[in-house]
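Asks: First the structure, which I've put down as structure tokens, then a few questions once you've had a look.
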Amino acid sequence: MLETITLPPELESHVGTEIKDFAVKAKHAAPPKAALAMIIFGVVWLAFSSVFLFAFLGPLFKGEEVHFLANDVPTVASPENLRPILLPAAIIGIFILIGLGMLGGGIFMMFKKGGYFIGTQTRLISLQKGKYRSVDWEQFSGDIEVTGNEQKGNIKLGLRSGKMISSKNGPDRYVPDEIYISGIQNVSEIEESCRKRIKENDPTPAVRS
């Protein structure tokens, strides 16, 4: 059995008399790469939106007029007459807000703390923000991805459940649900323990010839 950590009393009570294969506290609620990708995408989105903002509305900030076409009709907006430009400005503002939302969401993901994860012979139990979750090993597909190192590793466990994602330029695709355990030690041993339990509890074992 892997070395375990001290668990909150309420979590120990929830586990009961089950033997723990491992018990870890994740440092992050989501993989840092996913949070970083959202931050970068948010910054890029804001950069493009800001270009349109200053290119279109920049003259107004200087007290000058803005000339543009509205329904192919030459239109002029000025600091004294902002009505013609309200709709375009609102659309650009929405794009700015979307970029700020992605940037803020990425920063929140980066610093959001992870929860406790306990593996037993029959299930994976988690506690995050006061919410318990218990998933039987038979619900996992066996698709496991490990990144990082033994001092700070990440493990992604694929589930049999998921959802169909539609695509405009291609066929619909099935995306499985996943559970992340991020920023933990001894990730290789935990991956081995999870894989062992998933195989032991596989509801569709291979048929022997």
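The values are calculated or read from the model by the stated rules, or taken from the named source; none is laboratory data. Note that the coordinates shown come from a computational prediction; the quantities given were computed from them, not determined experimentally. Please note: Cβ atoms are built from the backbone with ideal geometry, for glycine as well, and neighbour counts cover all protein chains shown. Side chains included, ligands, DNA and RNA excluded: accessible areas come from the protein's heavy atoms. Shrake-Rupley method; radii C 1.70, N 1.55, O 1.52, S 1.80 Å.
Asks: Under a Cβ-Cβ cut-off of 14 Å, what is the net charge of the residues other than K156 that fall near it, where Lys and Arg count +1 and Asp and Glu count -1? Can you show the working numbers first?
Replies: Values: positive: K33, R195; negative: D143, E145, D177, E178, E191.
Taking every other residue near K156 into account, the sum is -3.
Asks: Using a Förster radius of 30 Å, what is the FRET efficiency between A47 and V76 based on their Cβ-Cβ separation? Nearest 0.05, please. It would help to have the intermediate numbers written out before the result.
Replies: Values: r = 28 Å, r/R0 = 0.94.
So the FRET efficiency works out to roughly 0.60.
Asks: Same structure again: Using a 1.4 angstrom probe on the protein heavy atoms only, line up S126, S188 by accessible area, largest first.
Replies: S188, S126
Asks: Which value, in Å³ per residue, describes the convex hull spanned by the Cα atoms of segment 88-127? All intermediate terms of the calculation are to be shown ahead of the outcome.
Replies: On the way: hull volume 3.1 nm³, N = 40.
In segment 88-127, the Cα hull volume divided by residue count equals 77 Å³.
Asks: How far, in nm, would the chain grow between F54 and I144 when pulled straight, counting 0.36 nm per residue and subtracting the alpha carbon separation? Numbers along the way, then the final one.
Replies: On the way: separation 90, 0.36 × 90 = 32.40 nm, distance 4.63 nm.
Separation in residues times 0.36 nm, less the Cα-Cα distance, equals 27.8 nm.
Asks: Taking the solvent-accessible surface of protein heavy atoms with a 1.4 Å probe, what is the per residue accessible area of segment 25-173 in Å²?
Replies: Numbers: 9640 Å² over 149 residues.
For segment 25-173, the per-residue accessible area is 65 Å².
Asks: Here's a follow-up. Describe numerically, in nm with one decimal, the distance between label points set 7 Å from Cα along Cα→Cβ at L87 and at K152.
Replies: For the pair L87/K152, the computed spacing is 5.1 nm.
Asks: Turning to a different aspect of this structure: 5 Å is the cut-off here: which amide hydrogens, built 1.01 Å from N in the peptide plane, fall below it relative to G153, excluding neighbours closer than 5 in sequence?
Replies: Amide H neighbours of G153, under 5 Å, 5+ apart: G183, I184, Q185, V187.
Asks: Right, something else. Please report the net charge: other residues with Cβ closer than 13 Å to the Cβ of E192, K and R +1, D and E -1. Each step should come with its number before you reach the end.
Replies: Values: positive: R195, K196, R197, K199; negative: D21, E150, E189, E191, E200.
Neighbour charge sum, excluding E192 itself: -1.
Asks: In square nanometres and to one decimal, what's the mean projected area of the convex hull around the Cα atoms of the chain?
Replies: Working: hull surface 74.1 nm².
Average projection, Cα convex hull of the chain: 18.5 nm².
Asks: While we're looking at this one, here's another question. Pairs K112/K163; K156/K199; K113/K163; K25/K113; K25/K131: which exceed 18 Å Cα-Cα? Display every interim value, and only then the final one.
Replies: Working: K112/K163 25 Å; K156/K199 16 Å; K113/K163 27 Å; K25/K113 9 Å; K25/K131 14 Å.
Going by Cα-Cα distance, K112/K163; K113/K163 fall outside the 18 Å limit.
Asks: Around K27, under 13 Å between beta carbons, what's the net of Lys plus Arg minus Asp minus Glu among the other residues?
Replies: On the way: positive: K25, K112, K113, K152; negative: none.
Charge balance in the 13 Å sphere: +4.
Asks: Keeping the other protein chains in place, figure out the carbon and sulfur percent of the accessible area of segment 1-47, with a 1.4 Å probe.
Replies: That fraction is 68 percent.
Asks: Restricting to Cα atoms and excluding each atom paired with itself, what does the Kirkwood estimate give for segment 111-192 in Å? It would help to have the intermediate numbers written out before the result.
Replies: Working: mean 1/r = 0.0706 Å⁻¹.
Value: 14.2 Å, from the Cα pair sum.
Asks: Could you look at segment 49-174 and say what percent of its accessible area is carbon and sulfur, using a 1.4 Å probe and all protein chains?
Replies: Values: 4890 of 8290 Å².
Of the solvent-accessible surface of segment 49-174, carbon and sulfur hold 59 percent.
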